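Enquirer: One structure coming up, written as structure tokens, with questions to follow.
The values are calculated or read from the model by the stated rules, or taken from the named source; none is laboratory data. Source: prediction; values computed, not measured. No Cβ is skipped: glycine too gets one built from the backbone with ideal geometry, and neighbour counts run over all protein chains shown. We work out accessible area using only protein heavy atoms, side chains counted, and drop any ligands, DNA or RNA first. Shrake-Rupley method; radii C 1.70, N 1.55, O 1.52, S 1.80 Å.
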Amino acid sequence: MLLVLKANSDELGREAARIVANAVRRNPALRLGLATGSTMLGMYHELVRLHRQEKLDFSRVVTFNLDEYLGLSASHPQSFRYFMQQDFFAHVNAAPANIHIPDGSIKGNYQQYCASYEQTICDAGGIDLQVLGIGRNGHVGFNEPTSSLGSRTRLKVLSKETIEDNRKFFAAGEEIPQCAITMGIGTILEAKRILLLASGASKAAAIAKAIEGPLTASVTASALQLHGDVTFIVDQDAGAQLKQQEYYRRVLEMTAILTPERL
Ligand code: GLP
């Protein structure tokens, strides 16, 4: 586990984009897992800048989004597909056929649909680099507390806390989705490399539990402790409750000297 501590969310976004961009430069056909949420905006904006100014090429990159609300069409402004289009895909040269986002408009046959999403990931050869955010309750994707740590892509009922966190994005009186389709923890853990971003004081407890707490389905991000190649990028506020900050700093310094390719 590597932990990179950044001063603020702008620096965090640039660092995440640097890692993603390096991965794309090393492997132009990278299979890239993507996430949504306000924490991701800085990273996407920087990737767009790198595409425009440094010709970062996404034409062969294959993307898989983590999750989507059930019941929202692609044109709904709060759908994750809309977010991805507005904040990223409309501004880079990713091929539409290479973009995969769970379809929130499906009705029925959920199990079959989710199994086919898993199969598409598998057929592509698996995910090389998965980017994650984290919920206040420690969820990754929409794997709410008590999700099975072996779970696969499936329909998930959202917790009250998640619904409340997202209320601000919806118009007054508008119904907020109660369910989502999300990659499972088991799916996420199969990615070769994982990058988790967290910004702001509201994420501090979740980050401390995920990194320094016990492995538990009550904080699904703690399952990342089972993965061999995870980098957390957190800003000062999100990292504020970590007890071992000094150790993570030393690990990072030694990594830069001994195995800089990991960075
Ligand atoms: C939603 C998404 C998560 C994301 C989280 C945090 O719950 N399903 O994948 O990590 O929001 O969002 P934000 O970055 O806006 O705090």
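Enquirer: Express in Å², to the nearest 10, the accessible area of Phe64 obtained by rolling a 1.4 Å probe over the protein heavy atoms while all chains stay in place.
Expert: Rounded to the nearest 10, the figure is 0 Å².
Enquirer: Moving on. Please report, to one decimal in angstroms, the Kirkwood hydrodynamic radius of the chain built from all distinct Cα-Cα pairs.
Expert: 18.5
Enquirer: Report Rg/Rh for segment 95-158, rounded to two decimals, where Rg is the Cα radius of gyration and Rh the Kirkwood radius.
Expert: On the Cα set of segment 95-158, Rg over Rh gives 0.96.
Enquirer: Mind putting a number on the dipole of the chain about its Cα centre? Charges go on the C-beta only, +1 for Lys and Arg and -1 for Asp and Glu, and I need it in Debye to the nearest 20.
Expert: Charge dipole, the chain, about its Cα centre: 300 debye, nearest 20.
Enquirer: Here's a follow-up. Using only alpha carbon pairs under 8 Å that are at least six residues apart, calculate the relative contact order of the chain and give it in whole percent.
Expert: Result for the chain is 24 percent.
Enquirer: On the full set of protein chains, 1.4 Å probe, figure out the accessible area of Asp229 and give it in Å² to the nearest 10.
Expert: It works out to around 40 Å².
Enquirer: So for segment 127-184, averaging the separation of alpha carbon pairs under 8 Å that are six or more residues apart and normalising by length, what relative contact order in percent results?
Expert: Working: 65 pairs, mean separation 23.0, N = 58.
It comes to 40 percent, rounded to a whole number.
Enquirer: Antiparallel versus total DSSP beta bridges in the chain: what percent is that, nearest 5?
Expert: Approximately 30 percent, going by the DSSP bridge assignments.
Enquirer: What is the P(r) of segment 1-126, as percent of Cα-Cα pairs per 10 Å bin from 0?
Expert: 12, 41, 34, 12, 1
Enquirer: Counting heavy atoms of the protein chains only and a 1.4 Å probe, report the per residue accessible area for the chain as a whole number of Å².
Expert: Numbers: 11870 Å² over 263 residues.
Counting only protein heavy atoms, the per-residue value for the chain is 45 Å².
Enquirer: Restricting the count to DSSP beta bridges whose residues both fall in segment 84-211, what percent are antiparallel, rounded to a multiple of 5? Working shown, then result.
Expert: Working: 5 of 9 bridges.
The antiparallel proportion sits near 55 percent.
Enquirer: What is the distance, in nm, between label points placed 7 Å from the Cα along the Cα-to-Cβ direction at Arg18 and at Leu149?
Expert: 3.3
Enquirer: Share of segment 1-128's accessible area from carbon and sulfur, percent, 1.4 Å?
Expert: The C+S portion of the solvent-accessible surface of segment 1-128 is 48 percent.
Enquirer: Hey, with R₀ at 30 Å, roughly what FRET efficiency would Ile176 and Ala97 work out to, going by the Cβ-Cβ distance, to 0.05?
Expert: In this case the efficiency is close to 0.40.
Enquirer: Let me spell out the model: positive unit charges on the Cβ of Lys and Arg, negative unit charges on the Cβ of Asp and Glu, origin at the Cα centre of segment 34-128. What dipole size does that give, in debye rounded to 20?
Expert: 260
Enquirer: Work out how much length Glu54 to Lys243 would gain on full extension: take 0.36 nm times their residue separation and subtract the Cα-Cα distance, in nm to one decimal.
Expert: So the extension gain works out to 64.2 nm.
Enquirer: Looking at the square roots a ≥ b ≥ c of the eigenvalues of the Cα gyration tensor of segment 209-262, which shape do they give, rounded for a/c under 1.5, prolate if a/b is larger than b/c, or oblate?
Expert: Oblate.
Enquirer: Then there's this: Over segment 21-96, what is the mean sequence separation of C-alpha contacts under 8 Å (at least six apart), divided by residue count, expressed as relative contact order in percent?
Expert: Computed value for segment 21-96: 37 percent relative contact order.
Enquirer: Shifting gears a bit: Counting helices only, and only those DSSP H runs with n ≥ 4, report the 222 nm mean residue ellipticity of the chain as the sum of -39,500 (n - 2.57) divided by its residues, in deg cm²/dmol to the nearest 500.
Expert: Helix contribution divided over all residues of the chain: -10500 deg cm²/dmol.
Enquirer: Same structure again: Keeping all protein chains in place and using 1.4 angstrom, which order do Lys209, Lys243, Lys203 fall into by accessible surface area, from largest down? Please report the intermediate quantities before stating the final value.
Expert: Details: Lys209 115, Lys243 170, Lys203 35 Å².
Greatest to least solvent exposure: Lys243, Lys209, Lys203.
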